[in-house]
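First comes the structure, then the notes that go with it.
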Amino acid sequence: MPTIGVIKEMMDIMEIDGDTDFRRSQVPGSAATPSGSSGLKAFSRGKIITPGTPAQLGAFGLFPPSKAQERILTPTTQRLTVKAADDMLWVSFAELCGGLMSTADYLALAEDYGTWVIDGVPSPTIGSTAGSAPAWQRFSNVVDVLYDQDITLFLVGHGPLDWDLAQDPAHRTGSQQRSAQPVDLAGIASRLSLLGRVESSVPFEEVEAGGS
């Protein structure tokens, strides 16, 4: 509370009114170097991959760990079922964001794994039981942690993974419009704008049926 009082007394609020999201702007000569690196080198190597075919994943050396590599982790107090191999953590969106995991859990996991693959990510523009408001809030926390710690992140999902589009009410389904999402979609979009995109217009099921 004393700090808040000092902020109110010593600082002025300036409104930045316009269409530019300055969170996406790189700051020349910035001293901020997460994880001791020069800029967000590791985080920006990540990708958003849809629909997540074996060929798409294999192009980046991503091969789902075997059943033998499945393990249960307890980063703080919550148990989490993952597949882990060396420096890679492979976990589903439902497992990571659908339970009671906290930011402290994500921070603890980030200390042990330098590459994360989150699969089964629901589309933010298509209604889904997996994409509930609490789950999206945890997802936002995950993205913030991995961004700040400069962790390489791969997101894999069947549907369109476009958080810029999700901000437009015209592109939300009826269920999404009825349930307000208590997350900063612009914040998620600005973080994930650093990730490249690998997209295919062919549904995953059709590719699998074709034997590719």
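The values are calculated or read from the model by the stated rules, or taken from the named source; none is laboratory data. Just so we're clear, the structure is a prediction, and the values are computed from it rather than from any experiment. Cβ coordinates were reconstructed from backbone atoms using ideal geometry, including for glycine residues, and neighbour counts include every protein chain displayed. Each accessible area value is taken on the protein alone, full model and side chains, heavy atoms only, with ligands, DNA and RNA left out. Shrake-Rupley method; radii C 1.70, N 1.55, O 1.52, S 1.80 Å.
Extension gain, Gln137 to Ser193: 0.36 nm times the residue separation minus the Cα-Cα distance gives 18.3 nm. Taken along the Cα-to-beta-carbon direction at a fixed 7 Å, the label points for Ile16 and Thr74 span 4.3 nm. Of the solvent-accessible surface of the range 87-160, computed with a 1.4 Å probe over protein heavy atoms with every protein chain present, carbon and sulfur atoms account for 53 percent.
In terms of its alpha-carbon gyration tensor, the range 53-142 comes out oblate; a/c meets the 1.5 threshold, while b/c is at least as large as a/b.
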